[in-house]
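Reading through the structure tokens given below for one structure.
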Amino acid sequence: MDVADIPAVPEWLPDHLRADGIESLYPPQAEAVERGVTEGESLVASIPTASGKTLIAELAMLSAVQRGGKALYIVPLRALASEKKAEFEAFSEYDISVGVSTGNYESSGEWLSSVDIVVATSEKVDSLVRNGAPWIDDLDCVVSDEVHLVDDPNRGPTLEVTLAKLRQRNPDLQVVALSATVGNAAELAEWLDANLVDSTWRPIELRKGVHYGQALHFDDGSKRELRVKSGEKATAAILRDTIADELDEEGNVTEEGGSALVFVNSRRNAEAAARRLASTTSKFLDGDELAALKTVADEIRGVSDTETSQDLAEAVEQGAAFHHAGLASEHRSLVEDAFRDRLLRVVCATPTLAAGVNTPSRRVIVRDWRRYDGNAGGMAPLSVLEVHQMMGRAGRPGMDPYGEAVLLANSHDELDELFERYVWADPEAVRSKLAAEPAMRTHLLATIASGFADSREGLLEFLGETLYATQTDGQARIERVMDDMLAYLRVNDFIAEEGGRLKATPLGHTVSRLYLDPMSAATVIDGLESAEDPTAMGLYHLVCRTPDMYELYLRSGEREEYTMLAYERETEFLGEFPSEFEERFDDWLSALKTARLLEDWAGEVDEDRITERYGVGPGDVRGKVDTAEWLLGAAESLAGELGLDCTVAVREAKKRVQYGVRDELIDLAGVRGVGRKRARRLFEAGIETRSDLRNAEKGVVLAALRGRRKTAENVLENAGHPEPSMEGVRPDPDAAPAAEVDGGDADEATETGDDQASLGDF
Ligand code: ADP
């Protein structure tokens, strides 16, 4: 279908698309148009990665705006929100406005009333609905990107419920759900009363295979030699083979070298792989390329001065990079652009971002097909769907004859297994996870609290709109799960019946507004009510026991260590103390381990030391700290709501976690730009509070901050010093901190906030 023939879109669109090199629609796009996606019809599009889903979304949203309507685009990952916004801002020259709604869960985002296209995560949309954002009722078109994620046990139910609520509030709403190829697209379409485009069409042929020994084995039974040198890793060998030009017998180039995407299972592994593979890519770079890469590296350093930024820049200088949700979005786009420009020859990425990286490359190497899974307590294989999504990134349309995507096997058995498991396998069916108790109790409370339903019948009607209902035979089961959860909410005083109507109690409203699992709230309330004078450890342990905290895994051999700690500090723990012989004791100990990590952090132990002691990455420490800060904040609100005496103790514990400091530094560390290490140095130089800082001798401040003038000026300004300039000031030698072994301001930088994604955001 020629772009000029798309009905009901703005008249400038065809030219706009042509300017982007899009002359005609890809077959699945054309099919979507034929099924009415530009005319307000709902659609489920289940099509492979890189087959142009974004354009389908844009066609739907632009035609809705053209009719005077408003559109919402639900992103699967917070890290992608600003990227999508930037993409849609290409339409601002046609007077189409775009707004992104991130930020804290409690606001209703009223300013979004006036924009044409809103971009938000499903969690954010859910909370906007809960907080009664008025514009939600004005929506005409909702796009849900990566809708197959309704299958995710942690985040899926929120997406599912959000779509159900939006549809119930507005029965005429157009829903456009974009999905990877899944096993049951028709069922998704049935759920959303939508038309279906279910296609396996790709703009470029894809060959899937497995590398084993000295050869690539492909799905069509063919085999190609690919030697791994002794001492070389398979990934490096495949990368070398990808980058090298292909030569004929006379040494003429028959095909220019390409680039590769490498998928690994964690942020840390992505960084390590990029570092290692840089030694392969650097051998292929000429002078011009090195100079161009140096420029990109400088831009990367300019984004922030964190360690991650440094590491990334170092790899980029050698033609390699990593890409994950822990990077700032400017970092990510610099990497993506340089990869598209073929300056970077390899990008090592985590699976979660596989969908977000629109960076086709000749080869995709799926290096890790297992990943740590907290629920399973160990390594679990990735789903077929995820692996196929990564593989789908292979092949640059119009540039490569075909794309190649390979997994790596270490044994003949593994070669067979990988073929069975991934190469020949069909993607799984998407299954609702809403029946899981935490999801059900959270969403039932929210539904009642927001006045969405006030009776058993109303709730059942609402649940009828979910995928769960589509997939469950028999109403009886849904009713049973629901009744159990309603009883739970009633017993805990989160809901009550008034004149035959279900209502949230003030406490229930607070719990819902705080975005807590009701069971977390019940655990916290029970603990706080029993607390006379809680210690920080007691409070950390309490919040670590809630289902909203992802506990650290107790390794073999640690049971004894933590059991001893439990008895040593017995008096500090709040709420229940299960017996050593009960099964749930192990969970309780895992929470203790997590709590001790927080205690170390709030006791100013170095981050490096913490990662070593608990066998986790810096991102994990950050994740625990962020979650604990949120839960302690919630505990503070609950204590306030219930008029408990421990509110002050809870607030202090929260601040200590927030800044990673002992009591005496809370005030100082609260000054922007100070952070835990600088606060300690200032304190040692005799500056103990924010007001000390305002009146301090500048030479002392400068010395305590190791002579860094800019930092010192910044800090003084943030503390409200009347004259922060450091011009002509000399560091006071008596106030200089003693030399430190780690020599580092390194972790100060992370505190100023490098887009720290939440746990689970890879
Ligand atoms: P997906 O979201 O399905 O993974 P994208 O929407 O990111 O895929 O599209 C992949 C690439 O294909 C983008 O660079 C996009 O500009 C390009 N593209 C999309 N539709 C067309 C088309 N009809 N003709 C040419 N290129 C297209």
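By the scheme Lys and Arg +1, Asp and Glu -1, what is the net charge of all other residues having a beta-carbon under 15 Å from that of Lys53?
-3
Any chance you could get the radius of gyration and Dmax over the Cα atoms of the range 602-726, in Å?
That works out to 16.4, 49 Å for Rg and Dmax.
List the lysines whose Cα lies under 24 Å from the Cα of Lys223, skipping any in the same chain that are fewer than 8 positions away.
The qualifying lysines are Lys208, Lys233.
As a quick test, which of the pairs Lys294/Lys698; Lys124/Lys503; Lys283/Lys677 have an alpha carbon distance above 32 angstrom in this structure?
Long pairs (Cα-Cα over 32 Å): Lys294/Lys698; Lys283/Lys677.
Among Lys70, Lys208, what is the fewest-to-most ranking by other Cβ atoms within 10 Å?
Lys70, Lys208
Can you compute the modelled spin-label distance between Ala86 and Glu498, with each label point 7 Å from Cα toward Cβ, in nm?
Computed distance between label sites Ala86 and Glu498 equals 4.8 nm.
Out of all DSSP beta bridges with both ends in the chain, state the antiparallel percent to the nearest 5.
Of those bridges, close to 25 percent are antiparallel.
Check the straight Cα-Cα distances from Lys53 and name the lysines below 18 Å, setting aside those fewer than 8 residues away within the same chain.
Lys84, Lys85
Hey, got a sec? Which chymotrypsin sites (Phe, Trp or Tyr not before Pro) in the range 32-128 land in a DSSP loop and have at most 16 other Cβ atoms within 10 Å?
Listed in order of number, the matching sites are Tyr105.
Where Rh denotes the Kirkwood radius from the mean inverse Cα pair distance, what is Rg over Rh for the range 471-522?
Looking at the range 471-522, the ratio lands at 1.05.
How much of the DSSP bridge set in the range 120-251 is antiparallel, in percent, rounded to the nearest 5?
65 percent
Kirkwood Rh over Cα pairs of the range 206-423 into Stokes-Einstein at 25 °C, 0.890 mPa s: D in µm²/s?
D, rounded to a whole number, is 140 µm²/s.
Starting from the Kirkwood Rh over alpha-carbon pairs, what translational D in µm² s⁻¹ does the range 579-669 have by Stokes-Einstein at 20 °C and 1.002 mPa s?
It diffuses with D of about 151 µm²/s by this estimate.
To the nearest 500 deg cm²/dmol, what mean residue ellipticity at 222 nm is calculated for the chain from DSSP H runs of n ≥ 4 alone, each contributing -39,500 (n - 2.57), summed and divided by the residues?
That calculation yields -13500 deg cm²/dmol at 222 nm.
I'd like the per residue volume of the convex hull spanned by the Cα atoms of the range 518-660, given in cubic angstrom.
Measuring per residue, one finds 98 Å³ for the Cα hull of the range 518-660.
Run the numbers for Ser725 and Asp426: contour at 0.36 nm per residue of separation, minus the present Cα-Cα distance, in nm.
Contour length minus Cα-Cα distance gives 101.1 nm.
About the Cα centre, and with charges only on the beta carbon of Lys, Arg (+1) and Asp, Glu (-1), how big is the dipole of the chain? Nearest 20 debye, please.
680 debye
Along the charge dipole of the range 3-198, which of Pro27, Val175, Asn131 sits closest to the positive end, that is, farthest toward it, with unit charges on the beta carbon of Lys, Arg, Asp and Glu (+1, +1, -1, -1)?
The residue sitting most towards the positive pole is Asn131.
Could you tell me the calculated FRET efficiency between Arg555 and Glu330, based on Cβ-Cβ distance and R0 = 45 angstrom, to the nearest 0.05?
The pair Arg555/Glu330 has a calculated efficiency of 0.75.
Sort out for me the Cα centre separation of the range 6-59 from the range 409-423, rounded to whole Å.
The range 6-59 and the range 409-423 have Cα centres separated by 38 Å.
DSSP loop (so not H, G, I, E, B), at most 11 other Cβ within 10 Å: list which chymotrypsin sites (Phe, Trp or Tyr not before Pro) in the range 549-656 pass both filters.
Phe581
Can you pull out the GluC sites (Glu not before Pro) in the range 2-61 whose DSSP state is coil and whose Cβ has at most 11 other Cβ atoms within 10 Å?
Glu11, Glu23
Over the chain, what portion of Cα pair distances is larger than 37 Å, expressed as a whole percent?
Summing the P(r) tail past 37 Å for the chain gives 48 percent.
Within the set of other residues whose C-beta is less than 11 Å from the C-beta of His509, count the net charge using Lys and Arg as +1 and Asp and Glu as -1.
Summing Lys/Arg as +1 and Asp/Glu as -1 gives +2.
Could you tell me whether the range 678-729 comes out rounded, prolate or oblate from its Cα gyration tensor? Rule is a ≥ b ≥ c as square roots of the eigenvalues, rounded for a/c under 1.5, then prolate if a/b exceeds b/c, otherwise oblate.
oblate
Can you give the alpha-carbon Rg of the range 3-198 over 2.2 N^0.38 Å, where N counts its residues?
0.95
Rounded if a/c is under 1.5, else prolate if a/b beats b/c, else oblate: with a ≥ b ≥ c from the C-alpha gyration tensor eigenvalues square-rooted, which is the range 52-163?
Oblate, since a/c reaches 1.5 and b/c is not below a/b.
Between Gly474, Ile525, Tyr550, whose Cα lies farthest towards the positive end of the dipole of the range 463-600 when Lys and Arg beta carbons carry +1 and Asp and Glu beta carbons carry -1, centred on the Cα centre?
Gly474
To the nearest 0.05, what FRET efficiency results for Asp483 and Glu529 with a Förster distance of 25 Å applied to their C-beta separation?
Step by step, r from the Cβ atoms, then E = 0.40.
Per 5 Å bin, what is the whole-percent P(r) computed from every C-alpha pair distance within the range 126-207?
3, 12, 23, 23, 17, 11, 6, 3, 2, 1
Over the chain, calculate the relative contact order: mean separation of alpha carbon pairs under 8 Å at least 6 apart, over the residue count, as a percent.
It rounds to 11 percent for the chain.
Taking other Cβ within 10 Å of each residue's Cβ, how do His331, His211, His721 sort, fewest first?
So the residues, fewest neighbours to most, are His721, His211, His331.
What is the local net charge at Glu583, summed over the other residues whose Cβ is closer than 14 Å to its Cβ (Lys, Arg +1; Asp, Glu -1)?
-3
We did not get these values from a lab; they are worked out from the coordinates using the rules stated. Because the structure is predicted, anything quoted here is derived from the model rather than measured. No Cβ is skipped: glycine too gets one built from the backbone with ideal geometry, and neighbour counts run over all protein chains shown.
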